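Chemist: Have a look at this one before I ask anything.
The values are calculated or read from the model by the stated rules, or taken from the named source; none is laboratory data. Values in this document were obtained by computation on a predicted structure and should not be read as measured data. In this analysis, Cβ positions are derived from the backbone assuming ideal geometry, glycine residues included, and neighbour counts consider all displayed protein chains. For accessibility, only protein heavy atoms count, side chains too; no ligands or nucleic acids. Shrake-Rupley method; radii C 1.70, N 1.55, O 1.52, S 1.80 Å.
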Amino acid sequence: MRKANAAAHKTTAATGTLVASYNVHKCIGVDRKFDPERTSRVIREIDPDVIALQEADNRFGDRDGLLDLPRLERETGLVPVPISATGKGHGWHGNVLLFKKGVVRDVHQIRLPGLEPRGAVVAEIELNGSGTLRIIAAHLGLLRHSRSQQARVVLDLMSSPDEKPTLLLGDLNEWRLGNRSALNTLHATFGPQPPAVPTFPSNLPLLALDRIMTNRHGMIAAVEAHDTPLSRVASDHLPLTAFVRL
(Lines give C-alpha, C1' and ligand atoms only; values in the text may rest on other atoms or scores of the structure.)
Protein backbone atom coordinates (compact mmCIF):
# COMPACT_ATOMS: atom_id res chain seq x y z
CA MET A 1 0.00 0.00 0.00
CA ARG A 2 1.13 3.57 -0.75
CA LYS A 3 2.55 5.32 2.28
CA ALA A 4 0.10 8.22 2.58
CA ASN A 5 0.71 11.56 4.24
CA ALA A 6 -0.34 10.93 7.83
CA ALA A 7 -1.94 14.34 8.31
CA ALA A 8 -3.97 14.18 5.12
CA HIS A 9 -4.92 10.48 4.92
CA LYS A 10 -5.41 9.32 8.47
CA THR A 11 -8.25 6.97 7.56
CA THR A 12 -7.11 5.80 4.11
CA ALA A 13 -6.70 2.03 3.87
CA ALA A 14 -6.97 1.65 0.10
CA THR A 15 -4.58 0.62 -2.64
CA GLY A 16 -4.37 1.39 -6.32
CA THR A 17 -3.52 4.38 -8.48
CA LEU A 18 -3.68 7.61 -6.49
CA VAL A 19 -5.44 10.35 -8.46
CA ALA A 20 -6.14 13.93 -7.47
CA SER A 21 -7.91 17.07 -8.63
CA TYR A 22 -6.72 20.49 -7.47
CA ASN A 23 -7.92 23.99 -8.34
CA VAL A 24 -4.72 25.92 -7.60
CA HIS A 25 -6.45 29.33 -7.92
CA LYS A 26 -3.66 30.75 -10.07
CA CYS A 27 -1.25 29.98 -7.18
CA ILE A 28 -2.86 32.65 -5.00
CA GLY A 29 -3.55 31.52 -1.46
CA VAL A 30 -6.22 32.54 0.99
CA ASP A 31 -3.62 34.95 2.38
CA ARG A 32 -3.71 36.63 -1.10
CA LYS A 33 -0.05 35.80 -1.71
CA PHE A 34 1.07 34.57 -5.13
CA ASP A 35 3.29 31.60 -4.32
CA PRO A 36 3.77 28.92 -7.03
CA GLU A 37 6.37 27.15 -4.90
CA ARG A 38 3.80 26.68 -2.14
CA THR A 39 1.39 25.18 -4.67
CA SER A 40 4.08 22.76 -5.82
CA ARG A 41 4.73 21.77 -2.21
CA VAL A 42 1.08 20.78 -1.82
CA ILE A 43 1.36 18.60 -4.94
CA ARG A 44 4.48 17.00 -3.48
CA GLU A 45 2.55 16.36 -0.24
CA ILE A 46 -0.14 14.50 -2.19
CA ASP A 47 2.39 12.49 -4.23
CA PRO A 48 -0.22 11.43 -6.82
CA ASP A 49 0.15 9.10 -9.76
CA VAL A 50 -2.23 11.29 -11.78
CA ILE A 51 -3.37 14.84 -11.01
CA ALA A 52 -5.65 17.30 -12.80
CA LEU A 53 -4.98 20.96 -12.07
CA GLN A 54 -7.34 23.83 -12.73
CA GLU A 55 -6.45 27.53 -12.98
CA ALA A 56 -2.78 26.72 -13.51
CA ASP A 57 -2.37 29.51 -16.10
CA ASN A 58 -2.92 33.24 -16.05
CA ARG A 59 -6.47 34.02 -17.08
CA PHE A 60 -5.68 36.89 -19.45
CA GLY A 61 -3.01 37.88 -21.97
CA ASP A 62 -0.78 35.02 -23.10
CA ARG A 63 -2.21 32.81 -20.33
CA ASP A 64 1.31 32.05 -19.11
CA GLY A 65 1.78 28.93 -17.03
CA LEU A 66 2.41 29.63 -13.36
CA LEU A 67 4.21 26.52 -12.08
CA ASP A 68 7.78 25.36 -12.57
CA LEU A 69 6.84 22.13 -14.35
CA PRO A 70 10.41 20.97 -15.07
CA ARG A 71 11.26 21.23 -11.38
CA LEU A 72 8.01 19.51 -10.43
CA GLU A 73 8.92 16.65 -12.76
CA ARG A 74 12.37 16.32 -11.21
CA GLU A 75 10.94 16.23 -7.71
CA THR A 76 7.81 14.12 -8.27
CA GLY A 77 8.14 12.37 -11.62
CA LEU A 78 4.93 14.02 -12.83
CA VAL A 79 4.91 14.99 -16.51
CA PRO A 80 2.17 16.95 -18.29
CA VAL A 81 0.01 15.31 -20.91
CA PRO A 82 1.10 17.03 -24.15
CA ILE A 83 -1.34 19.49 -25.72
CA SER A 84 -1.23 21.78 -28.72
CA ALA A 85 -2.07 25.05 -26.97
CA THR A 86 -0.34 28.16 -28.22
CA GLY A 87 1.55 30.63 -26.04
CA LYS A 88 3.25 29.87 -22.76
CA GLY A 89 0.36 28.23 -20.95
CA HIS A 90 0.71 24.90 -19.20
CA GLY A 91 -2.66 23.59 -20.22
CA TRP A 92 -5.93 24.09 -22.05
CA HIS A 93 -7.98 26.93 -20.55
CA GLY A 94 -5.99 26.43 -17.34
CA ASN A 95 -6.52 22.65 -17.21
CA VAL A 96 -3.33 20.63 -16.81
CA LEU A 97 -3.22 16.85 -16.57
CA LEU A 98 -0.03 15.28 -15.20
CA PHE A 99 0.92 11.65 -14.68
CA LYS A 100 3.92 9.66 -13.45
CA LYS A 101 4.42 6.36 -15.28
CA GLY A 102 2.71 5.34 -18.47
CA VAL A 103 2.16 6.11 -22.13
CA VAL A 104 -0.28 8.65 -23.55
CA ARG A 105 -2.26 6.93 -26.30
CA ASP A 106 -4.59 9.79 -27.29
CA VAL A 107 -5.30 13.42 -26.34
CA HIS A 108 -8.16 15.77 -27.21
CA GLN A 109 -8.76 19.36 -26.19
CA ILE A 110 -12.43 20.23 -25.86
CA ARG A 111 -13.78 23.76 -25.81
CA LEU A 112 -16.78 23.90 -23.49
CA PRO A 113 -19.75 26.20 -24.27
CA GLY A 114 -20.69 29.18 -22.12
CA LEU A 115 -19.93 32.84 -21.53
CA GLU A 116 -16.64 32.09 -19.75
CA PRO A 117 -13.68 30.48 -21.56
CA ARG A 118 -13.79 26.91 -20.26
CA GLY A 119 -12.32 23.66 -21.53
CA ALA A 120 -11.51 20.03 -20.89
CA VAL A 121 -8.53 17.80 -21.64
CA VAL A 122 -9.36 14.21 -22.58
CA ALA A 123 -6.51 11.70 -22.54
CA GLU A 124 -6.16 7.95 -22.79
CA ILE A 125 -3.19 6.83 -20.70
CA GLU A 126 -1.77 3.34 -20.44
CA LEU A 127 -0.67 3.36 -16.82
CA ASN A 128 2.25 1.08 -16.01
CA GLY A 129 0.96 -2.09 -14.41
CA SER A 130 -2.60 -0.79 -14.08
CA GLY A 131 -4.19 -0.82 -17.55
CA THR A 132 -5.55 1.89 -19.82
CA LEU A 133 -7.66 4.70 -18.39
CA ARG A 134 -9.45 7.52 -20.13
CA ILE A 135 -9.31 10.72 -18.10
CA ILE A 136 -11.44 13.81 -18.59
CA ALA A 137 -9.95 16.81 -16.77
CA ALA A 138 -12.45 19.67 -16.75
CA HIS A 139 -13.36 22.96 -15.12
CA LEU A 140 -17.04 23.86 -15.43
CA GLY A 141 -18.39 27.39 -15.34
CA LEU A 142 -19.87 29.55 -12.60
CA LEU A 143 -23.24 29.99 -14.36
CA ARG A 144 -25.81 27.23 -13.88
CA HIS A 145 -27.00 27.27 -17.50
CA SER A 146 -23.42 27.00 -18.76
CA ARG A 147 -22.68 24.08 -16.42
CA SER A 148 -25.66 22.16 -17.78
CA GLN A 149 -24.46 22.69 -21.35
CA GLN A 150 -20.91 21.75 -20.42
CA ALA A 151 -22.03 18.57 -18.65
CA ARG A 152 -23.87 17.48 -21.80
CA VAL A 153 -20.70 18.03 -23.86
CA VAL A 154 -18.79 15.81 -21.41
CA LEU A 155 -21.41 13.08 -21.83
CA ASP A 156 -21.21 13.39 -25.60
CA LEU A 157 -17.58 12.27 -25.35
CA MET A 158 -18.79 8.85 -24.27
CA SER A 159 -20.76 6.56 -26.54
CA SER A 160 -22.14 4.30 -23.82
CA PRO A 161 -21.91 3.95 -20.02
CA ASP A 162 -20.26 0.51 -20.21
CA GLU A 163 -17.37 1.46 -22.50
CA LYS A 164 -13.70 1.90 -21.50
CA PRO A 165 -12.94 2.86 -17.89
CA THR A 166 -13.27 6.63 -17.66
CA LEU A 167 -12.45 9.06 -14.88
CA LEU A 168 -13.84 12.59 -14.65
CA LEU A 169 -11.64 14.89 -12.57
CA GLY A 170 -12.09 18.56 -11.91
CA ASP A 171 -13.74 21.57 -10.40
CA LEU A 172 -17.38 21.16 -11.45
CA ASN A 173 -18.51 24.27 -9.55
CA GLU A 174 -21.70 22.43 -8.66
CA TRP A 175 -23.01 21.58 -5.22
CA ARG A 176 -26.74 21.78 -5.96
CA LEU A 177 -28.83 18.68 -6.55
CA GLY A 178 -32.05 18.18 -8.49
CA ASN A 179 -33.11 18.24 -12.12
CA ARG A 180 -31.43 21.58 -12.86
CA SER A 181 -28.05 20.46 -11.53
CA ALA A 182 -25.13 19.54 -13.77
CA LEU A 183 -24.56 16.61 -11.40
CA ASN A 184 -27.96 15.25 -12.34
CA THR A 185 -27.01 15.46 -16.02
CA LEU A 186 -23.82 13.49 -15.35
CA HIS A 187 -25.55 10.93 -13.16
CA ALA A 188 -26.74 8.73 -16.04
CA THR A 189 -23.15 7.85 -16.93
CA PHE A 190 -21.10 8.66 -13.83
CA GLY A 191 -23.51 7.78 -11.04
CA PRO A 192 -24.14 6.70 -8.41
CA GLN A 193 -21.02 8.09 -6.79
CA PRO A 194 -19.37 8.01 -3.36
CA PRO A 195 -20.58 10.66 -0.90
CA ALA A 196 -19.60 14.21 -1.79
CA VAL A 197 -16.54 15.64 -0.01
CA PRO A 198 -16.48 19.40 0.76
CA THR A 199 -13.38 21.16 -0.58
CA PHE A 200 -14.38 24.84 -0.68
CA PRO A 201 -13.47 27.17 0.90
CA SER A 202 -10.21 25.55 1.94
CA ASN A 203 -10.04 27.08 5.42
CA LEU A 204 -13.58 25.91 6.27
CA PRO A 205 -14.77 23.51 3.56
CA LEU A 206 -18.54 23.49 3.17
CA LEU A 207 -19.19 22.97 -0.57
CA ALA A 208 -18.26 19.90 -2.66
CA LEU A 209 -17.21 21.79 -5.81
CA ASP A 210 -14.44 19.36 -6.79
CA ARG A 211 -15.25 15.85 -7.95
CA ILE A 212 -13.67 12.54 -8.91
CA MET A 213 -16.21 10.43 -10.81
CA THR A 214 -16.08 7.22 -12.81
CA ASN A 215 -18.29 5.24 -15.18
CA ARG A 216 -17.49 1.95 -13.41
CA HIS A 217 -19.03 0.98 -10.09
CA GLY A 218 -16.40 0.27 -7.45
CA MET A 219 -13.50 1.66 -9.48
CA ILE A 220 -12.72 4.48 -7.04
CA ALA A 221 -12.26 4.29 -3.29
CA ALA A 222 -11.23 6.46 -0.36
CA VAL A 223 -12.31 9.81 -1.81
CA GLU A 224 -10.88 12.41 0.57
CA ALA A 225 -9.90 16.05 0.80
CA HIS A 226 -6.17 16.54 1.19
CA ASP A 227 -6.47 18.69 4.31
CA THR A 228 -3.14 19.87 5.74
CA PRO A 229 -1.93 23.18 7.19
CA LEU A 230 -0.26 23.93 3.86
CA SER A 231 -3.22 23.05 1.63
CA ARG A 232 -5.59 25.15 3.76
CA VAL A 233 -3.70 28.31 2.82
CA ALA A 234 -2.20 27.59 -0.64
CA SER A 235 -5.51 27.89 -2.55
CA ASP A 236 -9.17 28.57 -1.88
CA HIS A 237 -9.85 24.91 -2.78
CA LEU A 238 -8.54 21.82 -1.02
CA PRO A 239 -7.22 19.08 -3.33
CA LEU A 240 -9.43 16.03 -3.71
CA THR A 241 -7.86 12.55 -3.86
CA ALA A 242 -9.01 8.99 -4.51
CA PHE A 243 -7.60 5.55 -5.28
CA VAL A 244 -8.48 3.97 -8.62
CA ARG A 245 -8.51 0.23 -9.22
CA LEU A 246 -8.66 -1.00 -12.83
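Chemist: Which of His237, Val223, Gln193 sits farthest toward the positive end of the charge dipole of the range 151-246, with +1 on the Cβ of Lys and Arg and -1 on the Cβ of Asp and Glu?
Modeler: The one lying farthest along the dipole's positive direction is Gln193.
Chemist: Can you tell me how much longer the chain between Val79 and Lys164 gets when fully stretched, taken as 0.36 nm per residue apart minus their C-alpha distance, in nm with one decimal?
Modeler: Computed gain between Val79 and Lys164 is 28.3 nm.
Chemist: Residues of the chain: accessible area per residue at 1.4 Å, in Å²?
Modeler: Ligands and nucleic acids excluded, the result is 45 Å² per residue.
Chemist: What per residue convex hull volume, in Å³, do the alpha-carbon atoms of the range 154-246 yield?
Modeler: Dividing the Cα hull volume of the range 154-246 by its residues yields 97 Å³.
Chemist: Can you list the HN-Hα couplings for the range 199-206, worked out from phi with the Karplus curve (6.51, -1.76, 1.60; θ = phi - 60°), rounded to whole Hz and with x for Gly and Pro?
Modeler: 10, 9, x, 5, 7, 7, x, 10
Chemist: Another question, then. Pairs of Cα atoms under 8 Å, at least six residues apart: use those to get the relative contact order of the range 105-151, whole percent.
Modeler: 34
Chemist: Explain nothing, just the number: relative contact order of the chain, from Cα pairs under 8 Å at least 6 residues apart, as a whole percent.
Modeler: In percent, rounded to a whole number, it is 22.
Chemist: What is the magnitude of the charge dipole of the chain about its Cα centre, with +1 placed on the Cβ of each Lys and Arg, -1 on the Cβ of each Asp and Glu, and no other charges, expressed in debye to the nearest 20?
Modeler: Roughly 220 debye, rounded to the nearest 20.
Chemist: Normalized C-alpha radius of gyration of the chain, against 2.2 N^0.38 Å?
Modeler: Dividing the Cα Rg of the chain by 2.2 N^0.38 Å gives 0.92.
Chemist: What's the lysine pair count for the chain at a Cα cut-off below 24 Å, pairs eight or more apart or interchain?
Modeler: Close lysine pairs under the 24 Å cut-off: 9.
Chemist: Hey, another quick one. Roughly what percent of Cα-Cα pairs across the range 99-204 reach past 18 Å?
Modeler: Result: 52 percent of Cα pairs exceed 18 Å.
Chemist: How many nm separate the modelled label positions at Asp106 and Leu204, each set 7 Å beyond the Cα in the direction of the Cβ?
Modeler: 4.6
Chemist: Charges at C-beta only: +1 for Lys and Arg, -1 for Asp and Glu. How large is the resulting dipole of the range 118-160 about its Cα centre, in Debye rounded to 20?
Modeler: 320
Chemist: Using a 1.4 Å probe over the heavy atoms of the protein chains, calculate the carbon and sulfur portion of the accessible area of the chain as a whole percent.
Modeler: Of the solvent-accessible surface of the chain, carbon and sulfur hold 52 percent.
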